[in-house]
Structure formats: structure tokens, C-alpha cells
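Enquirer: Here it is, the structure, as C-alpha cells.
The values are calculated or read from the model by the stated rules, or taken from the named source; none is laboratory data. On a predicted model such as this, the values are computed, not experimentally measured, just so you know. Cβ placement follows ideal geometry from the backbone for every residue including glycine, while neighbour counts extend to all protein chains displayed.
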Amino acid sequence: MRRKVTKAIFPVAGMGTRFLPATKSVPKEIMTLVDRPLVQYAIDEARAAGIKEFIFVTSRGKGALEDYFDHAPFLEQELRKKGKVELLEALKATNMESGAIAYIRQHRALGLGHAVWCARRLIANEPFAVILPDDVIAAEKPCLQQMVEAYQETGGNMVAAMEVPPEKASSYGVLDVAEDMGSVVSVKGMVEKPAINEAPSNLAVIGRYILSPSVLQNLNKIKSGAGGEVQLTDAIAQDIGTDNTVYGYRFRGQRFDCGSKAGFLQATVAFALARDDLREDLLRYLQEMVQVDKAAE
Ligand code: G1P
């Protein structure tokens, strides 16, 4: 039996410049898909995968995130008084057990690898998950749960993977596949943001990882890579061929790039259409819009 994965790191230190001016005062991770902030989707996915300790790597200006996970007794009391049971339940899902959540500051924006490294003392010597809340994945079985199950078989390091259009590969970490076993692939190389035409494949890393603590040791000594930043991809790649070798996992589900405006809007529509209370009206509206658009052509 492998060691259980009970800790997850959520790197949320990014400035979210693509969403300025909104992110001037609102952390990107608090921006809402329908009525839940991005970060809530990430937390729910982690919980479903058995995560018990939630480590946020934050930065200046992210105070709203800490408030979001705090209990809100006054608000709860008001809702209880008014008999708003459903809203009370929704609020409860945001409460974190005392001590289950930790915040570490990344003092300088040195890259994703550095952000993960900032949490090293809270991870110590056990496997851990990393979730990038920008990557929202709609799936029947949550993506990280799928990965935890696959990881029971493989061990090592596992990254979520998805085929992307070849011309988009340079926006991602990309896998050089050694053996393709279907949903699991073994990896013989990984490149962060390869130059166009230099990607080893179009199998891209998506923001879910199960990592061995050896990656933290690799991060101790790694130099900056693509974009002048300390890259998590490079630190994981150093484990290829060791006892903690690297696997890609083709998850089942639909991934939305909520780090981009287009992806955020698509996710908003998709999650709204999945809701019984919104579906009918929204669908009618969208159909009308498409017709108007077509008529104008
Ligand atoms: C990060 C990772 C990259 C991965 C991507 C997935 O890049 O460095 O390997 O493919 O997330 O979303 P970022 O999007 O932060 O530039």
C-alpha cells in the first residue's frame, strides 16, 4: 500500500494581470464561476480526493482568500433566523476545519516551482498534490481523485495530461512519452513552454500533480528555466528514470483555462448550463443570441 496523499498545495500568489482591473482589489481565485469562487472548485476537488491539509501559497493582496475560508458566524446566524437552509448549507461547504488550512507567503514572484518550494516545510517527507485553481476541470469523478487512484498503481510522480492543438503546445509543459499505456503514459522528458515546432508531443501538462517529496529536494538546487522562472516542470523532470519516475495521466473530464478570459467565460456558461435552476433560461438566451448573430451575417 502506498502512502496516502493527504496534503495539497494551492499556488495562488500570481498577480492575475490578465484580469486587470478586476484583480486590482480582488484576488483572481475569488472570482466567481456562477456563484462559487474559483478556489472553491479546487478545494472541493481536493476534498473528494481525500486531501485533509490545504496549503495556500499566497502573496500580498490576497487577504480576501483567507477571509473567504473563515467561518462567518454572524452571516450564518442571520440566515438561520430567516430559515434560509440552502444558503446555510452552501456557506458551510466553505468552512475549513481549524488547523486544516495554512497560508505561506511567496515573497517574490520567482515562478511556480519556487511557489511550491515555499511550502516544503509543511510537506516534509510525504507525497503531496498540487492544484492550480486556474485549471478548472468538470468531471463526473473529480480529476484529482482519478489521479490518486491511478497513483496507487504507479507511485512516482504523476501529472495530469491532455492533448492540445499542436500550435498551442508552447503555452504548456509538454510530455515526451516513453510508453503509452492508454490513460497512463510513462515519460522520458518534459519541456516547459517549448519553442514552436520544438514540442516533443502535443500532450500537455494540466494543473494537477501528485508529487514525491524528492521534487522538493530537486527544487532546492534548481536554476531558473523558461521565462526566467523556477519551473515546477523542470524539477519534476529531474526525477525521470529514478525510483520516482514520472507518469502522465489522461484524465476524463473537460478542462477550462480560467487563467484566460475566453476560458473563464466558457466555464461560466458550462457550469451555469449544468445547473437546473439556470439551464433553461440561459439556453434560451444563448439560442436567441446565436440566431441574431446568424441573421446579422
Ligand atoms: C503552468 C505550468 C505548465 C502547465 C500549465 C497548465 O503554466 O508551468 O507546465 O502546462 O500551468 O495550466 P502557467 O499556465 O502557469 O504558465
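Enquirer: Of everything in segment 176-216, what is within 10 Å of the ligand (Cβ to nearest atom) and in a strand (DSSP E or B)? Give them in sequence order.
Expert: Listed by number, the residues that qualify are 190, 191, 192, 204, 205, 206, 207, 208, 209.
Enquirer: Write out, first by first residue and then by second, each pair whose Cβ atoms fall under 6 Å of each other, whose residues are 6+ apart or on separate chains, and whose first residue, in segment 122-142, is more than 14 Å from residue 46 (Cβ to Cβ) while the second is within 11 Å of the ligand (Cβ to nearest atom).
Expert: These pairs meet every condition: 134/258; 134/259.
Enquirer: Looking only at segment 224-267, count how many residues are within 13 Å of the ligand (Cβ to nearest atom), over 15 Å from the mean Cα position of the chain (by Cα), surrounded by fewer than 21 Cβ atoms within 10 Å (Cβ to Cβ) and polar (S, T, N, Q).
Expert: Within segment 224-267, residues that are within 13 Å of the ligand (Cβ to nearest atom), over 15 Å from the mean Cα position of the chain (by Cα), surrounded by fewer than 21 Cβ atoms within 10 Å (Cβ to Cβ) and polar (S, T, N, Q) number 1.
Enquirer: Next question, about the same structure. Given the criteria loosely packed, with under 13 Cβ neighbours inside 10 Å, modelled with pLDDT of 90 or more and farther than 21 Å from residue 54 by Cβ, does residue 78 qualify?
Expert: no
Enquirer: What are the residues in segment 88-124 that are away from the ligand (no atom under 16 Å from the Cβ), closer than 15 Å to residue 7 by Cβ and not small (Gly, Ala, Ser), if any?
Expert: Within segment 88-124, 96, 97, 101, 103, 104, 120, 121, 122, 123 qualify.
Enquirer: If residue 221 satisfies all but one of (1) under 22 Å from residue 114 (Cα atoms); (2) away from the ligand (no atom under 15 Å from the Cβ); (3) modelled with pLDDT of 95 or more, what's the number of the condition it fails?
Expert: (3)
Enquirer: Give me the residue from segment 125-173 that is among the acidic types (Asp, Glu) and assigned to a strand (DSSP E or B) and, out of that set, farthest from the ligand (Cβ to nearest atom).
Expert: 163
Enquirer: Would you check which residues across segment 3-18 are buried (at least 18 other Cβ atoms within 10 Å of the Cβ) and either on the phi < 0 side of the Ramachandran plot or in a strand (DSSP E or B) (or both) and list them?
Expert: Result: 5, 7, 8, 9, 10, 11, 12, 13, 14.
Enquirer: Name the pairs: first residue in segment 11-28 and under 14 Å from residue 59 (Cβ atoms) and within 16 Å of the ligand (Cβ to nearest atom), second residue in a helix (DSSP H, G or I) and among the acidic types (Asp, Glu), Cβ to Cβ under 9 Å, at least 6 apart or on different chains?
Expert: Sorted first by the residue in segment 11-28, then by its partner, the pairs are 12/29; 14/29; 16/29.
Enquirer: Now for a different question. Return the residues of segment 46-75 that are in contact with a Ser or Thr (Cβ under 8 Å, 6 or more places away or on another chain), surrounded by 15 or more Cβ atoms within 10 Å (Cβ to Cβ) and over 21 Å from residue 22 (Cβ atoms); say none if nothing qualifies.
Expert: If the condition is that a residue be in contact with a Ser or Thr (Cβ under 8 Å, 6 or more places away or on another chain), surrounded by 15 or more Cβ atoms within 10 Å (Cβ to Cβ) and over 21 Å from residue 22 (Cβ atoms), then 51, 53 are the ones that fit.
Enquirer: Right, next: Say we look at segment 264-297 and pick out the residues that are in contact (Cβ under 8 Å) with a residue 60 or more places away in the chain and assigned to a helix (DSSP H, G or I); which of these is farthest from residue 38 (Cα to Cα)?
Expert: So, considering only residues that are in contact (Cβ under 8 Å) with a residue 60 or more places away in the chain and assigned to a helix (DSSP H, G or I), the one farthest from residue 38 (Cα to Cα) is 278.
Enquirer: Mind counting the residues in segment 50-92 that are assigned to a loop (DSSP other than H, G, I, E, B) and touching a strand residue (DSSP E or B) at 6+ places or on another chain (Cβ under 9 Å)?
Expert: So the answer is 6.
Enquirer: Only one of 243, 176, 234 is out of contact with any Leu (no Cβ under 6 Å at 6 or more places or on another chain), more than 22 Å from residue 135 (Cα to Cα) and not hydrophobic (A, V, I, L, M, F, W, C). Can you tell me which?
Expert: Going through 243, 176, 234 in turn, just one is out of contact with any Leu (no Cβ under 6 Å at 6 or more places or on another chain), more than 22 Å from residue 135 (Cα to Cα) and not hydrophobic (A, V, I, L, M, F, W, C): 243.
Enquirer: Return the pairs, sorted by first residue and then second, in which the second residue is more than 10 Å from the ligand (Cβ to nearest atom) and at pLDDT 90 or above, the first residue lies in segment 218-245 and is assigned to a loop (DSSP other than H, G, I, E, B) and among the hydroxyl-bearing types (Ser, Thr, Tyr), the beta carbons are less than 6 Å apart, and the residues are 6+ apart or on different chains.
Expert: Taking only residues 6 or more apart or on different chains, the pairs are 224/230; 245/156.
Enquirer: Another question, if that's okay. Within segment 32-58, which residues are closer than 12 Å to residue 134 by Cα and within 16 Å of the ligand (Cβ to nearest atom)?
Expert: 38, 39, 41, 42
Enquirer: State all residues of segment 81-98 that are among the small types (Gly, Ala, Ser) and modelled with pLDDT of 90 or more; if no residue qualifies, say none.
Expert: 83
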